[in-house]
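The values are calculated or read from the model by the stated rules, or taken from the named source; none is laboratory data. Keep in mind that what you see is a predicted model, and the values were worked out from it rather than measured. When we count neighbours, we look across all protein chains shown, and the Cβ atoms used for this are built from the backbone with ideal geometry, even at glycine. Each accessible area value is taken on the protein alone, full model and side chains, heavy atoms only, with ligands, DNA and RNA left out. Shrake-Rupley method; radii C 1.70, N 1.55, O 1.52, S 1.80 Å.
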Amino acid sequence: MIKENFPVIQTERLILRQITQDDAEDIFKYLSDENVMKYYGLEPFKTIDEALEEIEWYQSTHDEDSGIRWGITLKENGKVIGSCGFLNKVPQHYRSDIGFELSTDYWGQGIAGEALAAVIQYGFEQLNLHRIQALIEPPNISSQKLVENNGFIKEGLLRNYEFTCGKFDDLFMYSIIKQDFETNSI
């Protein structure tokens, strides 16, 4: 189901839009890649049904106002090549987690950074967030660099914070607060 009020974000090269069931094959393509899923907290997808369930989860977070996830698409073809958005939104504290992933076909081209910057701006300016945080596994150096390049500060290590794929994972807590964003935007 497409929600009428789902915001579309455009950047120089990208359109960030709602992900629908029509995008299941595109989602499955990159979420079945073990390189993409290495730090995702789930095993690589094995069936298109898993991609459809992921899309349903994206839609439910928006319906319940606990998050919003945009499909990252290139302007020239509209195919979903990744996603970026908010989850675990806590309105009374004006904060949310942010997450992202991108097909390996598009790594190293600045696409994730372009999408992340646009979503961060949307979070502060449209969702009235004061704090955006990212939880990143210590070996995931590329994601750490990505958030640092977007103004996030590493706050510390959360030991054995998540149990995923049969093991406990440590996670670094990164955050950016609204005044950091406004200072960096000037």
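For residue 101, are the conditions met, namely being among the acidic types (Asp, Glu) and outside any helix (DSSP H, G or I)? Talk me through it step by step, then tell me what you get.
On the way: among the acidic types (Asp, Glu): yes; outside any helix (DSSP H, G or I): yes.
For residue 101, the condition - among the acidic types (Asp, Glu) and outside any helix (DSSP H, G or I) - is met.
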Report whether or not residue 136 is in contact with a Leu (Cβ under 7 Å, 6 or more places away or on another chain), buried (at least 17 other Cβ atoms within 10 Å of the Cβ) and over 26 Å from residue 156 (Cβ atoms).
-> no
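If I go through segment 167-181 residue by residue, how many of them are surrounded by fewer than 13 Cβ atoms within 10 Å (Cβ to Cβ), out of contact with any strand residue (DSSP E or B) (no Cβ under 7 Å at 6 or more places or on another chain) and at pLDDT 90 or above? Steps first, answer last, please.
To start, the set of residues in segment 167-181 that are surrounded by fewer than 13 Cβ atoms within 10 Å (Cβ to Cβ) comprises 167-168, 179.
From the residues that got through so far, the ones that are out of contact with any strand residue (DSSP E or B) (no Cβ under 7 Å at 6 or more places or on another chain) too are 167, 179.
In the following step, the residues that additionally are at pLDDT 90 or above were identified as 179.
Total satisfying the criteria: 1.
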Inside segment 151-166, can you point out the residues that are open to solvent by less than 80 Å² (accessible area, probe 1.4 Å) and more than 25 Å from residue 92 (Cβ to Cβ)?
-> 164, 165, 166
Conditions (1) at positive phi; (2) of a type outside the set (A, V, I, L, M); (3) assigned to a strand (DSSP E or B); (4) within 17 Å of the chain's Cα centre (by Cα): number failed by residue 151 = (3)
Which residue pairs have Cβ atoms closer than 9 Å, lie 6 or more positions apart in sequence or on different chains, and pair a first residue in segment 161-178 that is free of Cβ contacts under 8 Å to residues at least 40 places away in the same chain and under 28 Å from residue 124 (Cα atoms) with a second residue that is open to solvent by less than 60 Å² (accessible area, probe 1.4 Å) and of a type in the set (D, E, K, R)?
-> 161/169; 161/170; 170/137; 171/137; 172/137
